[in-house]
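Taking it in order: structure first as structure tokens, then the write-up.
The values are calculated or read from the model by the stated rules, or taken from the named source; none is laboratory data. Fair warning: this is a prediction, and the values are worked out from it, not measured in the lab. When we count neighbours, we look across all protein chains shown, and the Cβ atoms used for this are built from the backbone with ideal geometry, even at glycine.
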Amino acid sequence: MASPRHFLTLLDFTPAELQGLIARASEMKRDHRAGADQRRFHGKVLGMIFAKSSTRTRVSFEAGMAQLGGHAMFLSPQDTQLGRGEPVEDSARVISSMVDIVMIRTYGHDIVDRFAEHSSVPVINALTDDFHPCQLLADMQTWSEHRGPIAGKTACWVGDGNNMCQSYINAARQFDFQLRIACPPGFEPRPELLAANRDRVELTHDPVAAARGADLLVTDVWASMGQEAEQKTRARQFAPYQVNEALLEHAASDALYMHCLPAHRGEEISAGLMDAADTVIWDEAENRLHAQKALLEFLLIGR
């Protein structure tokens, strides 16, 4: 039997496949709003493994699978043997023998790699410490719906060189745009990722220089899940890296700004930008649902 396709980073799909997913996500969004019946996967089961808590990831995958006619099963470490030391490889063999597709939200990226290696069904990375590819599908869908193709544009990442930043590096490669990263010294993304994409990724510690003329500004919380103890220290180090009205003035006149949420108003992004009437952040959040439905469909039908 052929090995299943997985979606662990954006590099697991070709640029053409990613473009097709984005187009399909927007189509499914229009159909959903028009009241179309999208239940084509009756009896299919999505196993949702959560080592990290989430609002958007759980609601979007669970609602999405229901809208596709299937069922989503929530699995947390408190409720399964995963939290009691069962090897990831054993859990993968067992769980994948009983469900049709799996999504995992966890800490180390090696966990999803090991699970996928021993899974007989497709595995989706719903966030690790290194990458968050599902969010990038939603971001690229949002850009496409508001501005058209992103190829040749310039995006600016402001803040921590975290899993979102590293996914933006992969997105720059796969969607063919330039990326400028502005982060405090010591908070850069992985050097091998920068080196592998030096033709389209530029690193600076100056947010104004990074934002100048950019078409898209993106940020995320300064302390990610598991880093709460560092919050106060990081708040001081990241203070100059807020995405706000002043920084947006340096970007292109029609620039968009995004945040994957949850946001801390007044920290990494100003309250004014969060609450602006023309923000696309709420579209971006909703698009997690539609992008992931397109992804589930792609993986369940095997193309």
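Values computed for the structure shown
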{"quantity": "Matching residues, the range 25-55, being under 17 Å from the mean Cα position of the chain (by Cα) and either outside any loop (DSSP other than H, G, I, E, B) or closer than 25 Å to SER96 by Cβ (or both)", "calculated": "ALA25, SER26, MET48, ILE49, PHE50, ALA51, LYS52, SER53, SER54"}
{"quantity": "The one condition in (1) in contact with a Phe, Trp or Tyr (Cβ under 9 Å, 6 or more places away or on another chain); (2) at pLDDT 95 or above that ARG234 fails to fulfil", "calculated": "(2)"}
{"quantity": "The range 256-294, residues that are more than 30 Å from LYS44 (Cα to Cα) and in contact with a Leu (Cβ under 6 Å, 6 or more places away or on another chain)", "calculated": "LEU256, TYR257, VAL280"}
{"quantity": "Among the candidates LEU295, LEU217, residue that is under 17 Å from the mean Cα position of the chain (by Cα) and outside the structural domain of GLN141 (by TED's automatic domain parsing)", "calculated": "LEU295"}
{"quantity": "Out of GLU188, GLU202, sole residue that is charged (D, E, K, R), surrounded by fewer than 19 Cβ atoms within 10 Å (Cβ to Cβ), in the same structural domain as THR279 (by TED's automatic domain parsing) and in a strand (DSSP E or B)", "calculated": "GLU202"}
{"quantity": "Of all residues making up the range 171-184, the number that are in a helix (DSSP H, G or I) and either among the basic types (Lys, Arg) or in contact with a His (Cβ under 8 Å, 6 or more places away or on another chain) (or both)", "calculated": "1"}
